[in-house]
């Protein structure tokens with residue numbers, strides 16, 4: 001019941017956030033979304049949960065897995081990767097790998113990030129998981145762990161294939177996670193580079209790095225079924241935004257629409273730190289507990305949220321939690337929530353939880369308490 005309540009409220013918050021008129025007007029995208037990366041608040045959206053093909057935006061998950069391996073130490077940038085015969089089956093954007101050719105992990109990652117090279121992506125997948133199929137299983141497991149329940153990967157590069165789909169919302173989730181890793185930052189922002197001693201040119205498929213203020217990187221993708229897709233991240237001041245557009249009709253449209261979404265976010269919103277009222281978080285009674293008859297509670301999160309610029313004076317709070325609890329109660333157990341509201345519309349929520357553990361009274365607890373009192377008489 002609690003999970004259902006949280007889902008309904010979270011959905012209501014998402015639906016209640018204002019939608020960008022610019023983003024919605026004359027859009028060629030089949031789906032789009034704009035989120036603030038730290039709070040994951042939705043600032044604008046259109047069909048964000050429609051399942052669609054994603055083309056090479058798929059590689060956001062591939063790159064996330066490799067970034068995590070690099071940080072864990074199970075993968076190193078200077079490792080040598082030998083291409084197998086599988087690279088011969090790749091098409092689209094490639095660097096013309098041949099079976100037996102060797103490159104470092106760093107060189108292949110650069111090819112994937114800058115030029116969206118499919119053969120480099122497959123070579124890395126085989127190197128890190130034994131086969132592309134095993135790597136794709138890891139991709140799907142990571143997607144589930146991130147709560148991307150409307151996404152399923154059938155390959156690691158983004159080919160149109162049955163069972164290969166995602167949503168704009170899910171792409172925003174994986175992109176936000178990917179952009180936490182700074183290991184790729186230089187490559188994301190590199191417009192042009194070379195491999196094989198200058199024989200192979202790499203040109204960045206994300207044209208926004210050439211003009212957009214605060215750009216941190218992103219991933220493009222284009223196939224016949226997916227259309228032109230883009231997931232891009234930008235940061236200005238203390239606010240980091242993710243814009244996703246799927247299914248655009250042409251190359252220019254995806255960049256124009258992503259730029260309009262980001263502009264709207266930076267121009268219209270600002271960070272705000274909720275301040276809870278201790279008087280509203282009074283201890284609640286506990287029945288059948290071994291310790292005190294009251295239980296202190298605490299707001300789970302004091303993290304920042306996003307509100308419309310200039311609306312901080314209009315912020316209100318709404319607290320809802322149980323009137324009493326019954327032992328046993330675990331520390332951190334969900335007991336309620338508080339909402340941050342602007343003009344009566346919820347823009348942020350956080351759990352209210354138990355600040356301490358309360359064990360349930362038992363026969364032996366009562367017996368030892370009575371015995372202790374008799375001894376001390």
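The values are calculated or read from the model by the stated rules, or taken from the named source; none is laboratory data. Predicted model only: the values in this text are computed from it and were never measured. Quick reminder, even Gly has a Cβ in these numbers, built from the backbone with ideal geometry, and neighbours come from all protein chains shown.
Of all residues in the stretch 65-80 being within 25 Å of the chain's Cα centre (by Cα) and not in a helix (DSSP H, G or I), which is nearest to residue 113 (Cα to Cα)? Steps first, please.
Of the stretch 65-80, the ones within 25 Å of the chain's Cα centre (by Cα) are 65-77.
Filter again for not in a helix (DSSP H, G or I), leaving 73-77.
Details: 73: 20, 74: 20, 75: 17, 76: 17, 77: 14 Å.
This residue is 77.
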Given the condition under 18 Å from the mean Cα position of the chain (by Cα) and either in a helix (DSSP H, G or I) or outside the structural domain of residue 235 (by TED's automatic domain parsing) (or both), answer yes or no: does some residue in the stretch 190-212 qualify? no
Residue, farthest from residue 139 (Cα to Cα), within the stretch 190-199, restricted to residues that are out of contact with any strand residue (DSSP E or B) (no Cβ under 6 Å at 6 or more places or on another chain) and buried (at least 16 other Cβ atoms within 10 Å of the Cβ): 195
Of 120, 111, which residue is in a helix (DSSP H, G or I), free of Cβ contacts under 8 Å to residues at least 40 places away in the same chain and buried (at least 22 other Cβ atoms within 10 Å of the Cβ)? 120
Hits in the stretch 154-181 - residues which are assigned to a loop (DSSP other than H, G, I, E, B), under 19 Å from residue 125 (Cβ atoms) and out of contact with any strand residue (DSSP E or B) (no Cβ under 8 Å at 6 or more places or on another chain): 154, 155, 156, 157, 161, 181
Given the options 306, 329, 245, name the one that is in contact with a helix residue (DSSP H, G or I) (Cβ under 6 Å, 6 or more places away or on another chain), on the phi < 0 side of the Ramachandran plot and crowded, with 18+ Cβ neighbours inside 10 Å. 245
Pick from the stretch 147-159, criterion more than 22 Å from residue 129 (Cα to Cα) and over 10 Å from the mean Cα position of the chain (by Cα), ranking: surrounded by the fewest Cβ atoms within 10 Å (Cβ to Cβ): 149
Against the definition (more than 30 Å from residue 227 (Cα to Cα) and more than 29 Å from the chain's Cα centre (by Cα)), how does residue 326 come out, yes or no? yes
Residue 213, sole failed condition from (1) farther than 21 Å from residue 247 by Cβ; (2) surrounded by 13 or more Cβ atoms within 10 Å (Cβ to Cβ); (3) in contact with a strand residue (DSSP E or B) (Cβ under 8 Å, 6 or more places away or on another chain): (2)
Over the stretch 166-183, the set of residues surrounded by fewer than 22 Cβ atoms within 10 Å (Cβ to Cβ) and touching a residue at least 40 places away in the same chain (Cβ under 8 Å) is 176, 177, 181, 183
Return yes when residue 125 is assigned to a helix (DSSP H, G or I) and on the phi < 0 side of the Ramachandran plot and no when it is not. yes
Which condition does residue 184 not pass, out of (1) farther than 15 Å from residue 93 by Cβ; (2) assigned to a strand (DSSP E or B), if it passes all the others? (2)
Mind checking which strands (runs of 3 or more DSSP E) fall wholly inside the stretch 244-358 and carry at least 3 residues that are modelled with pLDDT of 85 or more and either assigned by TED's automatic domain parsing to the domain that holds residue 226 or within 29 Å of residue 175 (Cα to Cα) (or both)? 269-272, 305-308, 334-342, 345-354
